[in-house]
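Enquirer: Input: one structure, supplied below.
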Amino acid sequence: MKTYSAIKTTLICLAISVSANGAMASENKLNIYNWSDYIAPDTIANFDALTGIETTYDVFDSNEVLEGKLLGGQTGYDLVVPTASFMEMQIQAGVFMPLDKSKLKNYANLDPEIMQLLAKHDPGNKYAIPYLWGTTGIAYNIDKIKQRMPDAPLDSWDMIFKPEVIAKFADCGVAIIDAPSENFEIAQNYLGLDPHSGAEADMDAAIDLWKSIRPYVRYFHSSQQVDDLATGEICLAIGWSGDMFQALNDAADAGNGVKIDYYIPKEGSTIWFDVFGIPNDAKNIDAAHKFLDYTMDAKIAAANSNEIWYANAIPSSMPMILDEIKNNVSVYPTEKIKANLFIDKPGDAATARARNKAWARLKAGS
Amino acid sequence: MKKPLSNKINWFKGVLLGVPSLWLAVFLFLPLMLILKMSFAEAILAQPPFTALLNWGEGLLPELNISFFSYALLIEDNYYIGALLQSLTLATIATSCTLLIALPMVLAMIKMPNKWQNIFLILVILPFWTSFLIRVYSWKILLRNDGFINQILLYFGLINDPLPMLYSQFAVLIGIVYSYLPFMILPLFAGLKKLDYALVEAAEDLGAKPLTIFFRVILPLIYPSIIAGIILVFIPATGEFVIPDLLGGSDSLLIGKLIWIEFFNNRDWPTASAIALILLILFALPLLILNKFTRKSQKWQDLV
Amino acid sequence: MSEAQVNIAADRKPWAQKTETPFIQIKNISKKYDGITVLDDVSIDIYKGEFFGLLGGSGSGKTTLLRVLAGFEQPDQGDIIINGTSILNLAANRRPINMMFQSYALFPHMNVRKNISFGLEQEKLSKAEIAERVAHYIHLVQLDDFANRKPQQLSGGQRQRVALARCLIKQPEFILLDEPMAALDNKLREQTQFELVALQEQLGLTMMVVTHDQKEAMALSTRIGVMQAGKIEQIGEPQQIYNQPKNHFVANFIGAANFFSARIKAINVESQPIAIDTEFGTAHAILNRFSNTKIGQKMEFAIRPEYINMHPRGTEVKLADDMLQAKARVEDVAFRGENSVYRLKLNSGQTCMVSSAQADISWDQEISISWQVKHMMFLMD
């Protein structure tokens, strides 16, 4: 999962109102809607060459853009890539059509462990094919943290949730992702509660925890961390793994002396999946299945992971994945850490609304 | 048979009036009706994510399906009203700042020779040629801890540590004032340009001091322009979403963000529509009243 | 102020007396805009109770001079003294001068009463006093029934009276009128001119009117200053300017004139008059005002159309010594009511304009013309 870019959010409403894209249905066509910079550059070309299908490939920047289109209907796309927690609701809204697994000969390549987690979003694994996955964790500016706290607990949520710890970093800037459901889950999990509980007492406990450290947070946002970590504007952030790696690379490229690192806290955190689904009004269903099958090929999956540094769901691709990626515990966590990961489950409408409201108030400090 | 000329003229008139009417109907009235309709629906998990207004059941006539859930939600507690008040407060402060900056600028511009006036007008309009988002983004770079403003202050020893300016109400204010300043300057300039400068000189000649001239002569004559400027700044500033999102901290909950939360986080299009509609009514009502009032006073003036 | 006390400058002619001190002294005012001279060493003395007319075409600098006096422009050089004190460093709102603007510049959002009281409200006066004086001046300009009207509900003449009252109520030392009649139609203009002069004399006001209309300047002014290209060409009483213009420009600008070339033939020191050669014969005239007269010097003379007599051929009278004559043919006649204007072609080829009420002369008629030497205006530039 990647963050929505603030720039594009303004275009969301516009995008929804012009949802009927020019994509046309035809025998040999395929219309894909994926995240920007989220595929190896030759994947589409190779697929087209192999199958003779003419693929139109469009990109988006946020789950919200995609969902606005999907709920409006008639997107004109044959394959879209929501994050599984979003897709869960979209499935319930009747947006997707079930997959025809008989057309997916590579289906067996999928990691059963991941499919099991994914089934919590997509019961029976009827609609979703996992593409890439990641975690939510903590990124930090190595020098600034060490300077303020040489023995900082850099493997734990204590960095965020212990007021006496986070207070030390308030001056160099702390940013939290603006994702209410995940923040509740993380806090409830840290407190030893069921992360997905919508019980009022559990939610109150989570809010109290956040309130205790609210004064030390500079801002809540889902995309600004990338830039601000890289430039040194902030020194500590909760963020999505993909974004945090981007900040790390940006800082290295800028050569401004800023060094960033990312870890998955040992207490456990959310794991998320970006998954393929076929909208119920897709016209090129065969072609869509062909493309899904193609992405599950170990070689293709490895190529995509090598290009964008995200973990995939095809274990047989591991031998072909670059060492620096597969040995990076932040991309491919150890079994011990993996055991503590849990999915981000948005819950029913009332729970979601209650969480969103409480979170909005927390942010405003009221 | 030849058509009489008056018929042709009527036909032409019809086209002249019809085109803008059609435009308003298609691009203003219809979407507004859709929003109105949506606001009386209920959010469901479906495609589209809200209930239908008319239910074609067994009977001959459709069943009307109106829900006040969204509106009830809005007054349930102070969550929405609080955000609205915060937005209105911010917009009021921002509009006042814009006016206070624009007025002296325009008064100075109006005294310049025409050549310089044109150059300044172009400078005022020039930022429109770059994307609004890039301009707001560049404020991020200016306001950052290692940004230009902090570096200057540090260089001159005015501060010892960088002032955290980004992600604050202050930054939002700067962003809004900066972005909307041209919308205040342009109507003010147009109003002052129309103002006969001899009136200012006459007041001066009669012994009035600059402040008196401003309040008793200039202000009463250009107030329609000031109101136009205030409307052009205040309304978008109230619903502003992008600037607080890019420059603001988390210490304020604004109505624009609430609409966003309803639409995307809660998947509640009806409530988002209800908020938008109420905002619209809140803005439109005073304008209509004002319009009626000014027309009345105009008529009264003509009679006396 | 009773009328007996009023000191009517038009009657006393203080400028003719060496002993009088001018009330307002405009001293060597110069001003440039972007390197272009708009006022070039302008000096004017104005006496108390005088109605001074500043006459010039567009671009002559008259409006700039007015604005310098009002305080809207600062001169590059020179001084302005009122009653012995320089006012150059006073801002416009502190000068004891008020101006009536060309388009009146009435405040459109204020009614007549408010317009008139505006100036007084800037002074520290009690409300009662303001109300009393406002009522007085509204009455003075006969606007009692219109006090609550807005300017756009008034006629041109009424607006002008509001503008005037707005100036007068400040009881300034000096009132400036910028083209006061420009916005009025012809008939109203003449009537208003008389009213204005009457008011000025009644209240003993010192005024300066700026106009491009020579008739207006003549009708209103005690003295006229003629301006051209930022310079004062001549200052004098209306008759003086009309009958003794200093140079070609003034002669041409004020009224109509026929111009002919001339040359000094002889200077007889014993008897004052100088003999001047013209194509119509020799004229003798006293030219004291020219300092550098010498024999052979080229000059010019002008003669007003109304001073030329016309005679049908054969009816010519014997010429007196102090008259000159020429032969001409009538080319055109324009009937003007009280008289007619004749365009003549002289035998020498020049065109000459004559205005006359004579009825016995018409198109294409061959005639003779004559004029008295005393009406010849000799000019040297």
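Enquirer: Go through region C:136-157 and flag every residue whose accessible area shrinks by 20 Å² or more with all protein chains in place compared to the isolated chain (probe 1.4 Å).
Expert: Relative to the lone chain, where solvent access is computed with a 1.4 Å probe, region C:136-157 loses at least 20 Å² at C:K150, C:Q153.
Enquirer: Going by alpha carbons, how many degrees (0 to 90, nearest 10) lie between the helix axis of C:186-203 and the longest principal axis of chain C?
Expert: The answer is roughly 60 degrees.
Enquirer: Hey, another quick one. Highest mean first, how do B:191-197, C:301-307, A:225-231, C:329-335 rank when packing is the count of other Cβ atoms within 10 Å averaged over residues?
Expert: Numbers: B:191-197: 15.7, C:301-307: 19.9, A:225-231: 23.6, C:329-335: 13.3.
Result, highest mean first: A:225-231, C:301-307, B:191-197, C:329-335.
Enquirer: In square angstrom, rounded to the nearest 10, how much accessible surface does C:C352 have for a 1.4 Å probe?
Expert: Counting only protein heavy atoms, the figure is 0 Å².
Enquirer: Also, I was wondering about something else. Helix C:112-121 sits at what angle to the longest principal axis of chain C, using alpha carbons and giving 0 to 90 degrees rounded to 10?
Expert: The two axes meet at around 80 degrees.
Enquirer: Pick out which of A:P279, A:P41, A:P333 has the largest mean-square fluctuation in a Gaussian network model of chain A, springs linking Cα atoms closer than 10 Å.
Expert: A:P41
Enquirer: What is the spread of the Cα atoms of region A:206-245 along each of their three principal axes, largest first, in whole Å?
Expert: So the extents along the principal axes, rounded to whole Å, are 30, 19, 12.
Enquirer: How large is the charge dipole for chain C, taken about the Cα centre, if only the Cβ atoms of Lys, Arg (+1) and Asp, Glu (-1) carry charge, to the nearest 20 debye?
Expert: Dipole of chain C, to the nearest 20 debye: 620 debye.
Enquirer: Could you list which residues have their amide H under 5 Å from that of B:F50, counting only those 5 or more apart in sequence or on another chain, with H placed in the peptide plane?
Expert: For B:F50, whose amide H was placed from the backbone, the distant partners under 5 Å are B:I44.
Enquirer: Related question: Karplus couplings for region B:94-104 from phi (6.51 cos²θ - 1.76 cosθ + 1.60, θ = phi - 60°), rounded to Hz, Gly and Pro as x?
Expert: Per residue, the Karplus-derived 3J(HN,Hα) values read 5, 5, 4, 4, 4, 5, 5, 7, 5, 4, x Hz.
Enquirer: With runs of 4+ DSSP H residues as the only contributors, calculate the mean residue ellipticity of chain A at 222 nm using -39,500 (n - 2.57) per run, divided by the residue total and rounded to the nearest 500.
Expert: Roughly -11500 deg cm²/dmol at 222 nm, from the helical runs in chain A.
Enquirer: Greater than 18 Å separation of Cα atoms is the criterion. Which listed pairs, A:K29/A:K290; A:K103/A:K326; A:K120/A:K363, meet it?
Expert: A:K103/A:K326; A:K120/A:K363
Enquirer: For the charge dipole of region C:256-379, defined by +1 on Lys and Arg C-beta atoms and -1 on Asp and Glu C-beta atoms about the Cα centroid, which residue among C:M310, C:I295, C:Q365 has the Cα displaced farthest towards the positive pole?
Expert: Of the listed residues, the answer is C:I295.
Enquirer: Limiting things to C-alpha atoms, what are the Rg and the maximum Cα-Cα separation (Dmax) for region C:8-244, in angstroms?
Expert: 17.6, 53
Enquirer: Additional query: Which whole-number value in Å² is the accessible area per residue of chain A, probe 1.4 Å? Each step should come with its number before you reach the end.
Expert: Numbers: 13400 Å² over 366 residues.
Accessible area per residue, chain A: 37 Å².
Enquirer: What is the Rg over Rh value, at two decimals, for region B:191-270, using alpha-carbon atoms and the Kirkwood definition of Rh?
Expert: Checking Rg against Rh, the ratio lands at 1.32.
Enquirer: Sticking with this structure for a sec: Rounded, prolate or oblate: which fits region C:40-98 when a ≥ b ≥ c are the square roots of the eigenvalues of the alpha-carbon gyration tensor, with rounded for a/c under 1.5 and prolate only if a/b beats b/c?
Expert: oblate
Enquirer: Normalise the Debye intensity by I(0) for the protein assembly as shown, one equal point scatterer per Cα, no solvent, then take log10 at q = 0.05, 0.06, 0.07, 0.08 Å⁻¹ and round to two decimals.
Expert: Debye curve over Cα of the protein assembly as shown, log10 I(q)/I(0) at q = 0.05, 0.06, 0.07, 0.08 Å⁻¹: -0.57, -0.71, -0.81, -0.92.
Enquirer: Let me ask something additional. Accessible area per residue, 1.4 Å probe, Å², for chain B: what's the number? Could you put the intermediate results ahead of the total?
Expert: On the way: 17340 Å² over 304 residues.
Spelled out: the 1.4 Å probe surface of chain B, per residue, equals 57 Å².
Enquirer: Please give the Cα centre distance for region C:226-275 versus region A:123-171, rounded to the nearest Å.
Expert: 101
Enquirer: While we're here: Given the rule -39500 (n - 2.57) for each run of at least 4 DSSP H residues, summed and divided by the residues of chain B, what is its mean residue ellipticity at 222 nm, to the nearest 500 deg cm²/dmol?
Expert: Values: 14 runs with 211 residues, N = 304.
Calculated from helices alone, the mean residue ellipticity at 222 nm is -22500 deg cm²/dmol.
Enquirer: Using alpha-carbon positions, what is the distance between the centroids of region C:114-188 and region B:183-251, in Å?
Expert: Spelled out, the Cα-based centre of one part sits 30 Å from the other.
Enquirer: With a 1.4 Å probe and every protein chain kept in, tell me what percent of the accessible surface of the protein assembly as shown is carbon plus sulfur.
Expert: Result for the protein assembly as shown: 58 percent of the exposed heavy-atom area is carbon or sulfur.
Enquirer: What does the buried accessible surface come to for B and A, summed over both chains, with the probe at 1.4 Å? Round to 100 Å².
Expert: 3600
Enquirer: What per residue convex hull volume, in Å³, comes out for region C:1-102 when only alpha-carbon positions are used?
Expert: 138
Enquirer: Largest first, how would C:W15, B:W11, A:W272 line up by accessible area (1.4 Å probe)? Kindly include the intermediate steps, with their values, before the conclusion.
Expert: On the way: C:W15 50, B:W11 175, A:W272 5 Å².
These residues rank, largest area first, as B:W11, C:W15, A:W272.
Enquirer: Can you check how the C-alpha radius of gyration of region C:52-191 compares to 2.2 N^0.38 Å, as a plain ratio?
Expert: Dividing the Cα radius of gyration by 2.2 N^0.38 Å gives 1.11.
Enquirer: Between B:A94, B:A102, B:A46, where does the largest GNM mean-square fluctuation fall for chain B, given springs only between Cα atoms within less than 10 Å?
Expert: B:A46
Enquirer: Got a sec? Which residues of region B:218-236 lose 10 Å² or more of accessible surface with every protein chain in place, vs. that chain alone, 1.4 Å probe?
Expert: The answer is B:P220, B:L221 - residues whose exposure falls by at least 10 Å² when every protein chain is included.
Enquirer: Could you give the alpha-carbon Rg of region A:249-366 over 2.2 N^0.38 Å, rounded to two decimals?
Expert: My calculation over the Cα atoms of region A:249-366 gives 1.42.
Enquirer: Rounding to the nearest 10 and keeping the result within 0 to 90°, find how far the Cα-based axis of helix C:156-168 lies from the longest principal axis of chain C.
Expert: 70
Enquirer: Suppose we keep just the alpha-carbon trace of region C:256-379; what are its Rg and Dmax in angstrom?
Expert: 15.5, 48
Enquirer: How big is the Cα convex hull of region A:115-236 in projection, averaged over all directions, in nm²?
Expert: Details: hull surface 35.4 nm².
Result: 8.9 nm².
Enquirer: Separate question: Any idea of the accessible area per residue across region C:256-379, 1.4 Å probe, to the nearest Å²? Can you show the working numbers first?
Expert: Values: 6740 Å² over 124 residues.
With all protein chains present, region C:256-379 gives 54 Å² per residue.
Enquirer: Search the structure for amide H atoms under 5 Å from the amide H of C:T278, placed 1.01 Å from N in the peptide plane, and list their residues when 5 or more places away or on another chain.
Expert: Under 5 Å from the amide H of C:T278 lie the amide H atoms of C:A283, each far enough along the sequence or on another chain.
Enquirer: Run lengths n ≥ 4 of DSSP H only: what is the helix-derived mean residue ellipticity at 222 nm for chain C, with -39500 (n - 2.57) per run over all residues, to the nearest 500?
Expert: Computed ellipticity for chain C at 222 nm equals -6500 deg cm²/dmol.
Enquirer: May I ask for log10 I(q)/I(0) of chain B at q = 0.09, 0.11, 0.12 Å⁻¹, from a Debye sum over the Cα atoms as equal point scatterers with solvent left out?
Expert: These q points yield log10 I(q)/I(0) values of -0.69, -0.95, -1.07.
Enquirer: Another question about this same structure. Work out which residues of region A:214-230 lose at minimum 50 square angstrom of accessible surface when the other protein chains are put back, relative to the chain isolated, with a 1.4 angstrom probe, and list them by number.
Expert: For region A:214-230, once contacts with the other chains are taken into account, A:R218, A:Q224 lose 50 Å² or more.
Enquirer: Could you state how much accessible area is buried at the C-B interface, both sides summed, with a 1.4 Å probe, in Å² to the nearest 100?
Expert: Rounded to the nearest hundred, the buried surface is 2000 Å².
Enquirer: In Å and from the alpha-carbon atoms only, list the Rg and Dmax of chain A.
Expert: 20.4, 63
Enquirer: Evaluate peptide B:45-52: per residue, the Cβ atoms of other protein chains within 10 Å of its Cβ; return the mean as an integer.
Expert: 5
The values are calculated or read from the model by the stated rules, or taken from the named source; none is laboratory data. Since we're looking at a predicted model, the values are computed, not measured. So basically every Cβ, Gly included, is an ideal-geometry build from the backbone, and we count neighbours across all protein chains shown. Heavy atoms of the whole protein, side chains included, go into the accessibility calculation; ligands, DNA and RNA do not. Shrake-Rupley method; radii C 1.70, N 1.55, O 1.52, S 1.80 Å.
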